[in-house]
Amino acid sequence: MVTIKDVARVADVSPSTVSRVVRGEGKVGKKCRAKVQKVIDEMGYRPNTNARALVSRRSELVGIVTPALHKPFFGSIAFGAEKAARKKSFQVMMRNSHNDPEHEIDAINSFREHGCENVILHSKSGSVESLKELAEKIPGLVFINRFIPELASRCVWLDNVSGGRMTADYLYSKGHRDIAIVSLRLNDDQEERIQGVSQFFQSKGIPIPQSNIIERDSAKEIFTNIEEYCIYAVKELYKRDAKFTAIVAYNDEMAVCLMNALFNFGKRVPEDVSVIGFDDLDIAHKCRPALTTIRYPIIEMSEYATSLSLQMTLEKENIVQRTHLFMPTLVERQSVKEINI
């Protein structure tokens with residue numbers, strides 16, 4: 001098996017220079033880097049990550065913990081993290097937490113057993129105290145899609161309130177004054193988006209009636225999937241005799257299911273009811289009508305979070321203590337109709 005010393009001997013450089021070329025780090029001249037890379041390719045050298053981990057007591061791994069990797073949103077987190085990790089020649093490990101704080105801890109402990117110091121954690125259920133304890137133990141722990149003031153420099157998050165206001169502003173500009181909101185279990189994301197929508201319409205002197213807001217937590221029924229819940233939500237709105245020309249959905253998956261439920265009730269989108277989503281996942285432009293939505297730049301955020309994590313462990317001297325806030329943007333398609341006021 002070809003070793004780093006073999007490559008160094010053939011390339012006539014030191015093993016540490018070969019190591020810097022392999023890792024893509026450090027000061028190595030372009031000509032020297034090209035020469036070493038040529039030798040690496042010709043000799044078929046592959047770094048022994050296990051050996052490096054034994055020497056440094058850490059491995060070139062990034063751990064990713066999300067509630068459900070099979071969901072497109074969380075799969076996007078994994079995609080972005082892997083993309084950023086690959087640039088530094090790091091590998092990724094992934095685990096599902098199923099929104100269970102104990103599963104999150106188990107996953108992170110498993111990563112640490114492999115010498116992993118870089119973890120991207122999506123946690124809505126973990127307590128602030130438990131997450132603060134983890135941050136003290138893990139130098140490269142970064143939280144995505146959650147803001148914790150005490151750990152602000154480790155948080156990569158989205159301004160959901162602005163996203164809610166953006167949603168409301170767009171619907172208002174299209175002539176919509178009667179709005180319904182359908183959300184899932186209340187967490188900070190949903191509360192902030194509802195807050196943004198409500199604040200905007202309140203500023204226009206148009207408060208949204210509580211009867212126009214459907215929340216899964218307040219439903220007495222038990223739903224096995226989001227399709228069942230969306231059928232219930234549409235049925236409940238009409239049962240309450242709610243007046244609305246547009247529905248604001250918590251995310252794109254829900255928006256598409258609501259469009260299907262409306263169709264089952266004989267309603268056309270957007271001719272009878274407009275629908276707007278949140279996230280801008282692939283499904284948003286593959287459904288019919290194509291979904292107008294608020295883009296959540298989750299892949300870019302995940303790349304950024306992973307790069308931040310690696311910087312925290314590899315370039316500690318360059319770390320600047322600051323917050324990492326991303327902004328949503330509107331993506332206009334065909335699911336919202338302009339109406340006469």
Check: Only one of these conditions is not met by His285: (1) more than 22 Å from the chain's Cα centre (by Cα); (2) in a helix (DSSP H, G or I). Which number is it?
Finding: (1)
Next item on the list: Test Thr306 against the stated conditions and say whether it is polar (S, T, N, Q), in a strand (DSSP E or B) and buried (at least 17 other Cβ atoms within 10 Å of the Cβ).
Entry: no
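Take the conditions under 24 Å from the mean Cα position of the chain (by Cα) and either assigned to a strand (DSSP E or B) or farther than 15 Å from Pro328 by Cβ (or both) and apply them to Ser153. Does it pass? I'd like the intermediate steps shown before the answer.
On the way: under 24 Å from the mean Cα position of the chain (by Cα): yes; either assigned to a strand (DSSP E or B) or farther than 15 Å from Pro328 by Cβ (or both): yes.
Yes: the conditions hold for Ser153.
Among what's in segment 268-282 and is in a strand (DSSP E or B) and out of contact with any Gly (no Cβ under 8 Å at 6 or more places or on another chain), pick the residue that is farthest from Phe79 (Cα to Cα).
Of all residues in segment 268-282, those in a strand (DSSP E or B) come to 274-279.
Those still in the list that are out of contact with any Gly (no Cβ under 8 Å at 6 or more places or on another chain) too: 274-277, 279.
Values: Ser274: 32, Val275: 28, Ile276: 25, Gly277: 22, Asp279: 15 Å.
Of everything passing the filter in segment 268-282, Ser274 is farthest from Phe79 (Cα to Cα).
Yes/no per residue for (1) touching a His at 6+ places or on another chain (Cβ under 6 Å); (2) within 12 Å of Leu310 (Cα to Cα); (3) assigned to a helix (DSSP H, G or I); (4) modelled with pLDDT under 95:
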site	(1), (2), (3), (4)
Ala53	no, no, yes, yes
Arg58	no, no, no, yes
Gly63	no, yes, no, no
Phe74	no, no, yes, no
Ala81	no, yes, yes, no
Ala84	no, yes, yes, no
Met94	no, no, no, no
His98	no, no, no, yes
Next item on the list: Find all pairs meeting these conditions: Cβ atoms under 6 angstrom apart; at least six residues apart or on different chains; first residue within segment 118-135 and more than 24 Å from Ser59 (Cα to Cα); second residue surrounded by fewer than 21 Cβ atoms within 10 Å (Cβ to Cβ) and not aliphatic (A, V, I, L, M).
Entry: Lys124/Asn187; Ser125/Asn99; Ser125/Pro101; Gly126/Pro101
Next item on the list: Output the residues belonging to segment 208-267 that are of a type in the set (Val, Ile, Thr), buried (at least 19 other Cβ atoms within 10 Å of the Cβ) and under 27 Å from the mean Cα position of the chain (by Cα).
Entry: Ile213, Ile214, Ile247, Val248, Val256
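Right, Ile208: in the same structural domain as Ala290 (by TED's automatic domain parsing), β-branched (Val, Ile, Thr) and modelled with pLDDT of 95 or more or not?
On the way: in the same structural domain as Ala290 (by TED's automatic domain parsing): yes; β-branched (Val, Ile, Thr): yes; modelled with pLDDT of 95 or more: yes.
So Ile208 passes the test.
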Item checked: Filter result (of a type in the set (A, V, I, L, M, F, W, C) and touching a Leu at 6+ places or on another chain (Cβ under 8 Å)) within segment 176-224 -> Ile179, Ala180, Val182, Ile214
Checklist line | Given (1) modelled with pLDDT of 95 or more; (2) hydrophobic (A, V, I, L, M, F, W, C); (3) touching a Leu at 6+ places or on another chain (Cβ under 9 Å), index of the condition Ala242 fails | finding: (3)
Next item on the list: Identify the residue in segment 8-17 that is of a type outside the set (Gly, Ala, Ser) and within 40 Å of the chain's Cα centre (by Cα) and, among all such residues, is modelled with the highest pLDDT.
Entry: Thr17
Notebook entry, point to check: Pairs under 9 Å by beta carbon, first residue within 11 Å of Ser211 (Cα to Cα) in segment 228-247, partner hydrophobic (A, V, I, L, M, F, W, C) and assigned to a loop (DSSP other than H, G, I, E, B), six or more apart or different chains?
Noted result: Glu236/Ala219; Glu236/Ala242; Leu237/Phe244; Tyr238/Phe265; Phe244/Val273
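Select from segment 274-300 the residues that are of a type in the set (A, V, I, L, M, F, W, C) and crowded, with 22+ Cβ neighbours inside 10 Å and write down the one among them that is nearest to Val119 (Cα to Cα).
Restricting attention to segment 274-300, the residues satisfying the condition of being of a type in the set (A, V, I, L, M, F, W, C) are 275-276, 278, 281, 283-284, 287, 290-291, 294, 298-299.
Checking which are crowded, with 22+ Cβ neighbours inside 10 Å leaves us with 275-276, 278, 281, 284, 291, 294, 298.
On the way: Val275: 36, Ile276: 33, Phe278: 26, Leu281: 24, Ala284: 30, Leu291: 33, Ile294: 28, Ile298: 16 Å.
The selected residue is Ile298.
Of the residues that sit in segment 202-222 and are touching a residue at least 24 places away in the same chain (Cβ under 8 Å) and polar (S, T, N, Q), which one is nearest to Lys243 (Cα to Cα)?
This residue is Asn212.
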Check: Could you give every pair whose Cβ atoms fall below 7 Å, whose first residue belongs to segment 178-201 and is in the same structural domain as Arg146 (by TED's automatic domain parsing), and whose second residue is crowded, with 23+ Cβ neighbours inside 10 Å, counting only separations of at least 6 or pairs across chains?
Finding: none
Notebook entry, point to check: List pairs: first in segment 68-85 and free of Cβ contacts under 8 Å to residues at least 60 places away in the same chain, second of a type in the set (Phe, Trp, Tyr), Cβ under 8 Å, 6+ apart or cross-chain?
Noted result: Ala68/Phe74
Check: From Val2, Val22, Val10, Val39, which residue is hydrophobic (A, V, I, L, M, F, W, C), outside any helix (DSSP H, G or I) and surrounded by 12 or more Cβ atoms within 10 Å (Cβ to Cβ)?
Finding: Val2
Margin query: Regarding segment 187-198, can at least one residue be identified that is under 23 Å from His122 (Cβ atoms), of a type in the set (Gly, Ala, Ser) and surrounded by 13 or more Cβ atoms within 10 Å (Cβ to Cβ)?
Written below: yes
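The values are calculated or read from the model by the stated rules, or taken from the named source; none is laboratory data. Because the structure is predicted, anything quoted here is derived from the model rather than measured. Neighbour counts are summed over all protein chains in view; Cβ atoms, including those assigned to glycine, are modelled from backbone coordinates with ideal geometry.
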